[in-house]
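Everything below concerns the one structure shown next.
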Amino acid sequence: MAIGKGFTDRFLSNDEARSVFAEGVGQLDLKGKRVLVIIPDSTRSGPIPLCFRALTELIRPMAAQLDFMIALGTHLPMDDAAICRHLGITADERSAVYGGIQIINHNYTEGLRELGVIGAEEIAQLTGGLFVEQVKVQINARLWDYDHVMICGPVFPHEIAGFSGGNKYFFPGVAGPDVIDLTHWLGAVLTNVKVIGQRRTPIRAILDRAAAMIPIERSCFSMVVKGHDDLAGLYFGTPEESQAAAAELSAQINVVYKDRQYNLVISIMPELYDDIWTAGKGMYKLEPVVADGGTLIIYAPHIDEVSYTHGAVLDRIGYHVRDYFLTNMARYDGVPRGVMAHATHVKGAGTYENGVERPRVEVVLATSVSPERCERINLGYMDPATLDLDAYRNREDEGILVVERAGEMLHLLRA
């Protein structure tokens, strides 16, 4: 069973959080061992500076080596300045105080080690027969430099895994492309509205199965966060145990229930999302409460890029509903299925019949992405300077919903 604590009516103090860190680390025999801590990048909320300092103070005195790896998945690497901001330290502190600690950016295209293969028959069992294919399981080879690998990251409702966290920090966090593409496309085929907010999903089953192949001691601190770094819960145990405990609390903390759907939803995206690839969460978390034929606006004037990693591919394939891609899979042979999954998750549910695509929701970008590019990728465009947010606030009774700091709070119909 996981240890820790969580609340629905208040947040943990720093002292309470440190006591959970101390209790969790105290359960492990880390003396003389090489320890790697896997943490999220800056596109995820959480009190990462608190985590970094607390775990360093607890582990470093007893371990032979302590390093941190950033679970980037397919995101771009973080530079030194961004890493320091993320960890809440200065450049001088990084060299003078934490100089012996490596901060490693994961790269999903190189430096990988193959763990083995999950066979087609087992994938069929795990997916209820939806997929019948084998998958090669690869992970960052640097893990073999350590005796113990510890995860520390938040758990939120998630469009692919149901809830994030736990073994998702291995796959896709520090994994190779094969499991990433398989699980993300599986999530797209199942659809966002059927997966998000579910604690047990076929995707989670595959992630846990792949992680069981890692022959290294593993542990996990799972956080439940509201706002940017307010900590509602912190749990320690195996990745499976602590993630499950955190998901149970996240289902209460990170879900907003509504009594109706809305014809217009405006998702105001915080600056931790720096491209549409990450800001797409403004659609994922709100799609269930947008009415048929409604409009969802992703409002993020600071964003001027579709995807820093996959932009060229998205320019070529565009954003489409699931059935458009399923009908045209031969045309997109060679396109990473993880990229197609993102495209259909942002576009949302809809139909594709007789060559006609009908999305259920119109998705509009009120960003600094140009109107020409929005047209090319098959999304709507709005000049963010023309959007008077105040004119739309407090009009839920008229079918208009404005969501501040969108991307983390899942909105569901109460029914």
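The values are calculated or read from the model by the stated rules, or taken from the named source; none is laboratory data. All values reported here derive from a predicted model rather than from experimental measurement. Every residue, glycine as well, gets a Cβ built from its backbone with ideal geometry; the counts of neighbours run over all protein chains shown.
A few notes on this one:
- Residue among S267, S222 that is of a type in the set (S, T, Y), crowded, with 24+ Cβ neighbours inside 10 Å and either under 20 Å from V179 (Cα atoms) or assigned by TED's automatic domain parsing to the domain that holds G318 (or both): S267
- Any chance E217 is closer than 17 Å to I39 by Cα, out of contact with any helix residue (DSSP H, G or I) (no Cβ under 7 Å at 6 or more places or on another chain) and surrounded by fewer than 19 Cβ atoms within 10 Å (Cβ to Cβ): yes
- Note on region 3-25: among residues that are buried (at least 21 other Cβ atoms within 10 Å of the Cβ) and among the small types (G, A, S), the one that is nearest to V35 (Cα to Cα) is G24.
A quick yes/no check of all residues on (1) within 18 Å of Y169 (Cβ to Cβ); (2) modelled with pLDDT of 95 or more:
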residue	(1), (2)
T238	yes, yes
E248	no, yes
R260	no, yes
N263	no, yes
S267	no, yes
L272	yes, no
K281	yes, yes
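- Considering residues of region 276-331 that are of a type in the set (A, V, I, L, M) and without any contact (Cβ under 8 Å) to a residue 40 or more places away in the chain only, the residue surrounded by the fewest Cβ atoms within 10 Å (Cβ to Cβ): A330
- Residue selected from region 119-148 under the condition aliphatic (A, V, I, L, M) and part of a loop (DSSP other than H, G, I, E, B), by the criterion modelled with the lowest pLDDT: L130
- Qualifying position, being touching a Leu at 6+ places or on another chain (Cβ under 7 Å), within 22 Å of A391 (Cβ to Cβ) and not hydroxyl-bearing (S, T, Y), among V306, V290: V290
- Residue pairs whose Cβ atoms lie under 8 Å apart, separated by 6 or more positions or on different chains, with the first residue in region 374-385 and among the hydroxyl-bearing types (S, T, Y) and the second in a helix (DSSP H, G or I), are Y381/P371; Y381/C374; Y381/E375.
- Within region 309-342, tally of residues that are part of a loop (DSSP other than H, G, I, E, B) and more than 30 Å from P384 (Cα to Cα): 9
- Lone unmet requirement of (1) crowded, with 24+ Cβ neighbours inside 10 Å; (2) within 12 Å of the chain's Cα centre (by Cα); (3) farther than 17 Å from A212 by Cα for P172: (3)
- Region 166-209: number of residues that are over 13 Å from G338 (Cβ atoms) and in contact with a Phe, Trp or Tyr (Cβ under 7 Å, 6 or more places away or on another chain): 4
- Counting the residues of region 151-178 that are in contact with a helix residue (DSSP H, G or I) (Cβ under 8 Å, 6 or more places away or on another chain) and more than 13 Å from I38 (Cβ to Cβ) gives 10.
- Subset of region 66-114 that is of a type in the set (F, W, Y) and within 19 Å of the chain's Cα centre (by Cα) - its residue that is nearest to G176 (Cα to Cα): Y108
- For region 86-104, the candidate set comprises residues that are surrounded by 15 or more Cβ atoms within 10 Å (Cβ to Cβ) and not aromatic (F, W, Y); within that set, the residue that is nearest to L272 (Cα to Cα) is H86.
- Residue within region 157-165 that is acidic (D, E), touching a residue at least 12 places away in the same chain (Cβ under 8 Å), under 30 Å from D229 (Cβ atoms) and part of a loop (DSSP other than H, G, I, E, B) present: yes
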